[in-house]
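Undergrad: Mind looking over this structure? Questions follow.
What follows is calculated from the coordinates using simple rules that are stated; it is not laboratory data. Fair warning: this is a prediction, and the values are worked out from it, not measured in the lab. No Cβ is skipped: glycine too gets one built from the backbone with ideal geometry, and neighbour counts run over all protein chains shown.
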Amino acid sequence: MKYNALKGMQDIFSPDIYIWQKVEEVAKDVFSAYGFQELRAPIIESTDIFVRSIGETTDIVEKEMYTFSDKAGRHITLRPEGTAPVVRCYVENHLYNLPSPQKFFYSGPMFRYERPQAGRFRQFFQIGAEAFGVGEPKIDAEILSMLRLFFERLGLKGLNFEVNSIGCEKCRPDYRNALLDFFSVRIDGLCPDCKRRFDYNPLRILDCKVDACIKLREGSPRVTDFLCGECKEHFNTLLSLLKLLNVPYVVNPDMVRGLDYYTRTTFEVTSKDLGAQNAVAAGGRYDRLVEDFGGPPTPAIGFAIGMERITTLLKSSSNHKIPVPKVFIATIGTPAEEEGLVIADRLRDKGIWVEVGYAGNSLKSQLRRADRLSSAYVLIIGDDEINSEKLKWKKLSDGSQGEIAFTEVYDFFK
Ligand code: HAM
């Protein structure tokens, strides 16, 4: 019987895993400098949490959630994103009682039953960050600047920072009416989902992926033309702070995000090297969500980075160092094999990567393995070395070699 990973899911191993680890390390370093602390939430949550936050008429909730009943008949969903679980955790643990802002980052797998294609998976990994308790645009600018620094540290260039404002509950009704006016004469051409969305949430028509709907929404009213005074001021201040911090943004008034919880600032970081699925990171403000989840009114903002898309960019943009063993110990005969094992353990105790030869392998095949592993050094131990308590070393990169006493091995590699 031969088994395969499920459609849209992938295994990650060497050499790609080293790129993943590098990205995670850089994220942790950069986010920590901005005061974000790691938060680990469960991978499954009550289905309600996602329906309520992402929105009933969104593609994610309508079509893409891995939802099932557990043995007690509870409705459970594999998280399609990380914001709702973090908000649930924030409210459940009364983290709003701690001094504001509270800032968290997280990483891990998310699940969406989408049609797999380049850059789109059913299990994909995000690194996300969420900041709670500050409504002023200063923190929006800090978050975007943090993302800029993150990409810079990874050496990724040529990314576009697209920003927009989708207003608040004050500006929405006017915008909604304008959309209803616009689509009411086009409703017959909309897909069945959008016909429903027309009644419940016409804004979602702007996010539909069906060709006919994309065509029909050409020339639709733009949300930025409907912003109230406060939202306009928030957005303009954000743009001037982005200039101050040298974050190279473009305003994209057509950007509507595929989740309902957003208010005011929304953004996407896109790359032209990624094809159709071009967003490597995306996020925005969600000033109402904490309250919707039963907490006190708490403005919040965050984003998530798509790991698979970043690693695709990194793989094509630069050469990545793959770790190699520092030492390979080749041995001839049982006493040498035992001595080699002891020396290997001493070096490993100091954090040095050591490989050893195994029973039955000739010296030649051990050396071939050392070469294939690109080990930096090879140590050779046989009966003569056991008697003299000295071993031979060879540096594979330049062929230099020499002898050292068993007792000096650690100092030699330090
Ligand atoms: P999102 O735009 O749905 O936002 O996803 C964020 C990023 O995750 C995308 O830009 C993309 O890089 C990656 N991504 C999404 N779906 C897939 C997929 N099927 N396969 C591969 N990568 C994917 C959110 O998830 C929000 N929670 C972001 C946020 C945090 N907003 C505020 N805080």
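Undergrad: Once fully extended, how much extra length lies between Asn177 and Gln401, figured as 0.36 nm per residue of separation less the alpha-carbon to alpha-carbon distance?
TA: Values: separation 224, 0.36 × 224 = 80.64 nm, distance 8.00 nm.
Full extension of this stretch gives 72.6 nm more.
Undergrad: Sticking with this one: With the Cα gyration tensor of region 275-328 giving a ≥ b ≥ c as the square roots of its eigenvalues, does the rule (a/c under 1.5 for rounded; else a/b larger than b/c for prolate; else oblate) give rounded, prolate or oblate? Before the final figure, lay out each step's value.
TA: Values: a/c = 5.51, a/b = 2.26, b/c = 2.44.
It comes out oblate by the Cα gyration axes.
Undergrad: Mind listing which GluC sites (Glu not before Pro) in region 154-233 are in a DSSP loop and have 10 or fewer other Cβ atoms within 10 Å?
TA: Numbers: sites: Glu162, Glu169, Glu218, Glu230, Glu233; in loops: Glu169, Glu218.
Sparse-neighbourhood loop GluC sites (Glu not before Pro): Glu169, Glu218.
Undergrad: Also, I was wondering about something else. Report the charge-dipole magnitude of the chain in Debye, nearest 20, computed about the Cα centre from +1 at each Lys and Arg Cβ and -1 at each Asp and Glu Cβ. Don't jump to the answer; show the numbers that get you there.
TA: Details: 55 positive and 57 negative charges, 174 e Å.
So the dipole magnitude of the chain works out to roughly 840 debye.
Undergrad: Can you check what the net charge comes to around Arg368, using other residues whose Cβ is under 15 Å from the Cβ of Arg368 (Lys, Arg +1; Asp, Glu -1)? Don't skip to the answer; put the middle values down first.
TA: Numbers: positive: Lys364, Arg369, Arg372, Lys394; negative: Glu355, Asp371.
Net charge in that neighbourhood comes out at +2.
Undergrad: Here's another thing I want to ask about it. Just want the answer: with Cβ charges of +1 for Lys and Arg and -1 for Asp and Glu, which residue in Ser365, Leu98, Asn319 is farthest toward the dipole's positive end in the chain?
TA: Asn319
Undergrad: Roughly how many debye, to the nearest 20, is the charge dipole of region 327-412 about its Cα centre, given +1 on each Lys and Arg Cβ, -1 on each Asp and Glu Cβ, and no other charges? Spell out each step's value before the answer.
TA: Numbers: 11 positive and 15 negative charges, 97 e Å.
Charge dipole, region 327-412, about its Cα centre: 460 debye, nearest 20.
Undergrad: Taking Rh as the Kirkwood radius, which is the inverse of the mean 1/r over Cα pairs, what is the Rg/Rh value for region 36-84? Before the final figure, lay out each step's value.
TA: Details: Rg = 11.5 Å, Rh = 11.4 Å.
That ratio is 1.00, to two decimals.
Undergrad: What residue among Pro80, Tyr66, Ile43 has its Cα farthest toward the positive end of the dipole of region 40-94, where the charges are +1 on Lys, Arg and -1 on Asp, Glu, each on the Cβ?
TA: Of the listed residues, the answer is Ile43.
Undergrad: May I pose another question? For Lys414, list the lysines whose Cα falls under 23 Å from its own Cα; do not include residues on the same chain fewer than 8 positions away.
TA: Leaving aside lysines fewer than 8 places away in the same chain, those within reach of Lys414 are Lys321, Lys326, Lys350, Lys390, Lys392, Lys394, Lys395.
Undergrad: Count the net charge of all other residues whose Cβ sits under 12 Å from the Cβ of Arg74, scoring Lys and Arg as +1 and Asp and Glu as -1.
TA: Residues close to Arg74 contribute a combined charge of -2.
Undergrad: Determine the dipole magnitude for region 362-414: charges of +1 sit on the beta-carbon of Lys and Arg, -1 on that of Asp and Glu, nothing else is charged, the reference point is the Cα centre, and the result goes in debye to the nearest 20.
TA: On the way: 9 positive and 9 negative charges, 84 e Å.
In total the dipole reaches around 400 debye.
Undergrad: Return the sequence-ordered ³J(HN,Hα) values of region 217-233 in whole Hz as given by the Karplus equation 6.51 cos²θ - 1.76 cosθ + 1.60 applied to θ = phi - 60°, using x for Gly and Pro.
TA: Per-residue couplings from phi come out as 8, 4, x, 5, x, 9, 4, 4, 6, 10, 5, 6, x, 5, 5, 4, 5 Hz.
Undergrad: Per residue, how big is the convex hull around the C-alpha atoms of region 240-360? Give it to me in cubic angstrom, could you?
TA: Details: hull volume 31.6 nm³, N = 121.
Spread over its residues, the Cα hull of region 240-360 gives 261 Å³ apiece.
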